[in-house]
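**Student:** Encoded as structure tokens, here's the structure I'll be asking about.
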Amino acid sequence: MTKFTALTLLLLAMLGCTGKPDAFKDVPAGERAWWKEAVIYQVYPRSFKDSNGDGVGDLKGIIEKLDYIKSLGVTAVWLNPIYSSPNDDNGYDVSDYRNIMSDFGTMADFDQLLQGMHQRGIKLIMDVVVNHSSDEHPWFVQSRSSRDNPYRDYYHWWPAEKGKPNYRYSLFDVNGDAWKYDSTTNAYYLHYFSQKQPDLNWENPKVRQEVYDIMKFWADKGVDGFRLDAFQFAAKDTTFPEFPVGYEKNFMPYYAMQGNLHSYLKEMNDAVFSHYDVMSVAEGAGNSFQDAHDLVDADRHELNMAYAFEGVDIAKPDGYSLVHLKAVFSRWDSAFAEKGWLSIFLSNHDQARLVSRYGNDSPPFRSPSAKMLNTFLLSMRGTPYCYYGDELGMTNSGFKSISQYKDISAINGYQKVLNEGGDTLQYLKNMAFGSRDNGRTPMQWDAKTQAGFTSGIPWLPVPANYVSINVAAEEQDPASVLNHFKKMVQLRKTNPVLVYGQYQLLAPENPDIYAYTRTLGAQKVLVLLNFSAKNLPLELPELKSIKETWINNYPEASVSDGTISLQPYQAVIFNL
Ligand code: NOJ
């Protein structure tokens, strides 16, 4: 290339006009949004890259790896909480919302990180944890100090002279009890999560204003979006009425989307979102499609996209039914076909590894099944959320003893089973399959000591398979899970049919194969995913009109006469 051409291309690129046709230009402008076209990569900062040898990932570590993130093709990063925190729940217990956790670095590091992302065209989505704070937050320190402290009503208190408050279930408490007695003021405070995560009182307008100010602080810095942690639980009936005995077995109808939640979201939209080009997503989508729609219906001015759990909750230690999974994803898609927008995910920091739960992590099948699952996530309608390490096909760590776990929910859950005289062996078995720590092990960068994650002792052990499953090895291997992931991301980014196209499930009763089409105008593609370790034939009329193969996790796709023979965990997308 002559110097002149290179310079011209550089200038054109800077102007955003590389001469390449905009693949999305025919999609009506009113339907388009950057967050719909985004591919979101979730980074768990504690586990991504440690730059200073203390065994804990940090912001400088992420900065070192920005070119890697860019090489994936992803367009946005969701960062789990990085604010000051005593780390009872790995940062989901914030003690200062305007500061960076000392383990992770400084505000200067954050500014550099944000700048580095923006220079690379990557957006940053922050996790906002405001259903609760840390008990070490100055608000709570004040609040618990006396009954007439100005911060008293920032939290939910129940004076003990009124007797014990009605039972509330806590997700993380060793006794499952969300009320904790505090002798300083002879009162109970509410904590839906751990005792060190007291729930903020959203019914107090001052609390709401504090939160909006915090969000504006970050939006003014230039962040591009917010994920609202546990927000569906924020509004509460502060009379704390009695709930039916056993309600904790199905607590969502009692906890999610209560009272004035929607009006708080409208208020937040008005105070924050409407002033910035930021995207917004809340964790959880209530109890029904109606709840989910109410969150994201553009006319209501609340949030942008729903993040529902039904899909990710399907995998169980003894397996799952693909027919069920297909039905769930198809129901959610059809409920949002005309209005609203969904998040697509099967893993995150609250789940074990994608390939270990939904695929097959035994050596012969790990690679094809991880590629197949990534093909699925990146070819559905809705914004895909890809969890760090799943682009490599990282697996569960296989912890056997409770002493290996670091997660408060695993540790307190074990203690609860023990207290109740339950089956701890069974508990450990379930944890080995589903514990959150499985999904939090250090990123596997290379085959060197500690997978290149740290020069010290990592906060969670690196799984033994890092010697072969790592970025360096997979970058060299054209047939790796990583290279398949990158190819799939490019396909999505250059083909609007994969973002906006209508979804149609085929062969719904097939127990092993997930087949669907995506259609946008004259363009139609067929996605075929074998979720089993078997060779399987599938007959479909669409297979008679294949124009080309867009992606295939095997060298060949054997099609003849409208029938394809799919190999174990084969994933193919045909352009029809
Ligand atoms: C949901 C978060 O995703 C999880 O990691 C955390 O433990 C709870 N909310 C409490 O903040």
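**Student:** With n ≥ 4 as the cut-off for DSSP H runs, can you work out [θ] at 222 nm for the chain, using -39500 (n - 2.57) per run divided by the number of residues, rounded to the nearest 500?
**Tutor:** -8500 deg cm²/dmol
**Student:** So, one more: Quick query: amide H of residue 558 versus all other amide H atoms, modeled in the peptide plane; which residues come in under 5 Å with a sequence gap of 5 or more or a different chain?
**Tutor:** Excluding prolines and chain starts, which carry no amide H, the hits are 565.
**Student:** Sticking with this one: For the chain, which whole-number percentage of the solvent-accessible area (1.4 Å probe, protein heavy atoms only) is attributable to carbon and sulfur atoms?
**Tutor:** 52 percent
**Student:** Let me ask something else. Packing-wise, with mean Cβ within 10 Å as the measure, how do 82-95, 357-370 rank, highest first?
**Tutor:** 82-95, 357-370
**Student:** Further, regarding this structure: If I model a spin label at residue 217 and residue 68 as a point 7 Å from the Cα along the Cα→Cβ vector, what separation in nanometres do I get?
**Tutor:** The answer from the label model is 3.0 nm.
**Student:** A further question follows. Can you tell me the order of 216-229, 248-261, 178-191 when each peptide is scored by its average per-residue count of other Cβ atoms within 10 angstrom, highest first?
**Tutor:** 216-229, 178-191, 248-261
**Student:** For the residue pair residue 239 and residue 318, what label-to-label distance in nm results when each label sits 7 Å from Cα along the Cα-to-beta-carbon direction?
**Tutor:** Result for the modelled spin labels: 4.4 nm.
**Student:** How do the peptides 376-384, 556-564 rank, highest first, by the average count of neighbouring beta carbon atoms within 10 Å per residue?
**Tutor:** So the order, starting with the most tightly packed, is 376-384, 556-564.
**Student:** Counting only heavy atoms of protein chains, what accessible area per residue, in Å², does the chain have with a probe of 1.4 Å?
**Tutor:** 40 Å²
**Student:** When only Cα pairs under 8 Å and 6 or more residues apart are kept, what is the percent relative contact order across region 138-190?
**Tutor:** 34 percent
**Student:** In percent, what relative contact order does the chain have, based on Cα pairs under 8 Å that are 6 or more apart in sequence?
**Tutor:** In percent, rounded to a whole number, it is 13.
**Student:** As an exercise, use a Förster radius of 51 Å and the Cβ-Cβ distance of residue 120 and residue 300 to find the FRET efficiency, rounded to the nearest 0.05.
**Tutor:** Once the sixth-power term is evaluated, E becomes 0.90.
The values are calculated or read from the model by the stated rules, or taken from the named source; none is laboratory data. Quantities reported herein were computed from a predicted structural model and do not represent experimental measurements. Reconstructed Cβ throughout: ideal geometry from the backbone, glycine too, with neighbour counts over all protein chains shown. Areas reflect the complete protein model, heavy atoms only, side chains present, ligands, DNA and RNA absent. Shrake-Rupley method; radii C 1.70, N 1.55, O 1.52, S 1.80 Å.
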